[in-house]
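Reading through the structure tokens given below for one structure.
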Amino acid sequence: MSPNTELALVVLLAFGYFIFVSVASAPGGAQDEQLTDDALASIVIYELLVILLLFPFLLVRGWHLSAIGLKPSLKETLDGLAITAFFYLVYLGLAAAFVSPSTLAEPAQSGSLISPTISLALIVAVCIVNPVFEEVFVCGYVMSAIMERAAPAAAIAASVGIRVLYHLYQGPAGAAAILLLGLIFSLYYVRTGRLWPLIVAHSVLDFVALFAVYDQPQA
């Protein structure tokens, strides 16, 4: 199997379904139905199954977690928190400059996307599984695989493009926030080759968005 075929296979298995569903719901600006516990649980299960399928495959193909920069440490955890703060500062600054105050918090307020009845246990599960799944594949693997034979700019474009495609269901404002996030994450990875800070930052961002919905008063 050629490296290009391997890359296409991994992207298709990891993100093909999510991209199809996201693009299909994009014309409406955002998905019509809220994500419930069952829907989020099915996403977590799907991601776990893909991990169980692709990790052994990539291991046989010569890929190791250390090769994509996954080396957890206290310092890298703190770096992840710093990346989170940096993203919020840049996002809020850009939003304040280019959009109205009423639109400012739209991507962070996931109430239109996530049901307020989601359970805390599922929030924790999503915040553990989803960041590992996304960053290992869309950032660590995709970027590392492309940078072996192309310029970093191509790796950044591919990673950001894939990330935005499977988040189109969030509507224009959400996709814009994901574009910014993808650029920050990809540039950081090109510069440092470290993946754990991105997983930490992604986990914190997911938790903030989901817990904000969970904590809303029930009607």
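The values are calculated or read from the model by the stated rules, or taken from the named source; none is laboratory data. This is a predicted model, so every value here is computed, not measured. What goes into the accessible areas is simple: the full protein's heavy atoms, side chains included, and nothing from ligands, DNA or RNA. Shrake-Rupley method; radii C 1.70, N 1.55, O 1.52, S 1.80 Å.
What is the set of long-range amide H partners of residue 35 at a cut-off below 5 Å, with H atoms built 1.01 Å from backbone N?
114, 115
Taking all protein chains in place and a 1.4 Å probe, what share, in percent, of the accessible surface of the chain do carbon and sulfur account for?
72 percent
Compute the semi-axes of the equivalent ellipsoid of the chain, taking the square root of 5 times each eigenvalue of the Cα gyration tensor, and list them largest first in whole Å.
Computed over the chain, the values are 27, 20, 18 Å.
Please report, for the Cα atoms of region 134-219, the Rg to one decimal and the Dmax as a whole number; what are they, in angstrom?
14.4, 54
Hey, can you find the accessible area per residue of the chain for me, probe 1.4 Å, expressed in square angstrom?
Spelled out: the 1.4 Å probe surface of the chain, per residue, equals 50 Å².
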